[in-house]
1. Taking Cα pairs under 8 Å and at least six residues apart, what relative contact order does the chain come out at, in percent?
2. Take every Cα pair under 8 Å in the range 1-104 that's 6+ residues apart, average their separations, divide by the length, and report that relative contact order as a whole percent.
3. From the cross-link list LYS91/LYS115; LYS217/LYS263; LYS163/LYS245; LYS215/LYS322; LYS55/LYS256; LYS118/LYS256, which pairs have alpha carbons spaced over 27 Å apart?
4. Return the FRET efficiency for the residue pair THR140, ARG17: r is the Cβ-Cβ distance, R0 is 35 Å, and the value is rounded to the nearest 0.05.
5. Give me the net charge for the shell around ASP109: Cβ to Cβ below 12 angstrom, other residues only, Lys and Arg +1, Asp and Glu -1.
6. Can you put LYS46, LYS220 in order, fewest other beta carbons within 10 Å first?
7. Mind running the shape call on the range 102-260? Use the C-alpha gyration tensor, a ≥ b ≥ c as the square roots of the eigenvalues: rounded below 1.5 for a/c, prolate if a/b tops b/c, oblate otherwise.
8. Could you tell me what a quarter of the Cα convex hull surface of the chain works out to, in nm² with one decimal place?
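Quick note: the coordinates plus some simple rules give every number you see, no bench work behind them. Everything numeric in this text was worked out from a predicted model, so none of it was measured. Here the Cβ positions follow ideal geometry from the backbone for every residue, glycine too, while neighbour counts run over all protein chains shown.
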Amino acid sequence: MTNKKDKKIAQPPINPRKLLTLSGFISYCSENGLKTSLEQLEKLHKDGLFCPALKIYRGIAPERKILATVNSTEGWYFVSPKDVKKFKPQKVESKIYYSSCGFFMSGDDWLDYYKNNKMIEYPASQAFKPWAGMTVDYHTTNTKQIGKSYDYFYDKNQLLTLKMVSKYLGMWEMMNGTEKEKFRITISGRVEKYYQFLNLYYQVEKFYYKVVAHKSKHLKNFKTDDTKRSDIIEEIDFALKPIYKHDAQKILDEFKVDVEYIKEWRLFLAEHSLLNEIYRSSSIRQAYIKAVDANQLLNAEDINLMIFMMNFFLNVLTGERKQVKEIIGNLAYRCCVICSNSFIAKKETQITCGNPSCITENKNRTKRLARKQK
């Protein structure tokens, strides 16, 4: 896939649930500590360094202008032609107006409408065009311009791609043409490798939710009180582990990678966690990481959830049990999931420090979580 003549840009993965509009992606980057803008993203696209995942045309929606009373207020309103009679209008203009459609981004199949109607393009495979055509017209009689309205979409995990590229932008501006082309090819190769991993990651994510649903289904077959529920969950895990390991290995085989590949990319994710991008001594960072509640850490930023998924995947494949904070903090010991104190595990499955109060609280958490899943 080429952009311009020889400029190759890697195609980002397409996960309907992870897509953000251009403005949504800019906001998402800002929320995660990376400032960007429409102008910068357009220039990066033009330079062949970073491009949107999709370009989707909005489509055209017909409208009628009516004089009606809505919520006790009389005035002129634009409504869908099929809704005109519902408003019992006093007058209806003879003209037909048009507006750009919005995007209803829900579920795994929301892109199907746009694919079926040939309203999707892939910027990575096209020559760059200025973004000036991103018009959004409302209530107009001119369908020629409105039919060209579109928006760019980014996968939210392209945030890391932008971080990878952004750290070299100062150097990029000082390079000559030949140097820029060499660098662009280098960075494009790195981005392509990341996208290959991201495609695998999305398979792991699907696998995780499939396993959760599978376990919940089996758990419903057991009629017992909450005091024995955690024991039953462990029994289910033990019984189903060979099946899950087989399915996990199939994912590795599909992408022709091994366990070390997963660990390397887990390290990459940890390095780009916000806590590791803060320039402080490792001991200070580790102290903060150790003190953070495990659940709060998962909710703090999406990259931590990605590390959680990698931990899950490695646990299925190898039996390794790691917390997100252990990976982010590069901790040489385990942290109790309750009190966060460090401990040396006596067995692979141990996740608490062994203090009776921590063991009890961990069981209570498991019960509460199980009740929420009912």
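1. Details: 477 pairs, mean separation 58.3, N = 374.
Once normalised by length, the contact order is 16 percent.
2. Details: 113 pairs, mean separation 23.0, N = 104.
Value for the range 1-104: 22 percent.
3. Numbers: LYS91/LYS115 38 Å; LYS217/LYS263 30 Å; LYS163/LYS245 34 Å; LYS215/LYS322 20 Å; LYS55/LYS256 31 Å; LYS118/LYS256 33 Å.
Those over the limit are LYS91/LYS115; LYS217/LYS263; LYS163/LYS245; LYS55/LYS256; LYS118/LYS256.
4. 0.60
5. On the way: positive: ARG17, LYS115; negative: ASP108, ASP112.
For residues surrounding ASP109, the net value is 0.
6. Working: LYS46 16, LYS220 10.
Ranked by crowding around the Cβ, least crowded first: LYS220, LYS46.
7. Working: a/c = 3.18, a/b = 1.60, b/c = 1.99.
Oblate.
8. Values: hull surface 104.5 nm².
For the chain, averaging the hull's shadow over all directions gives 26.1 nm².
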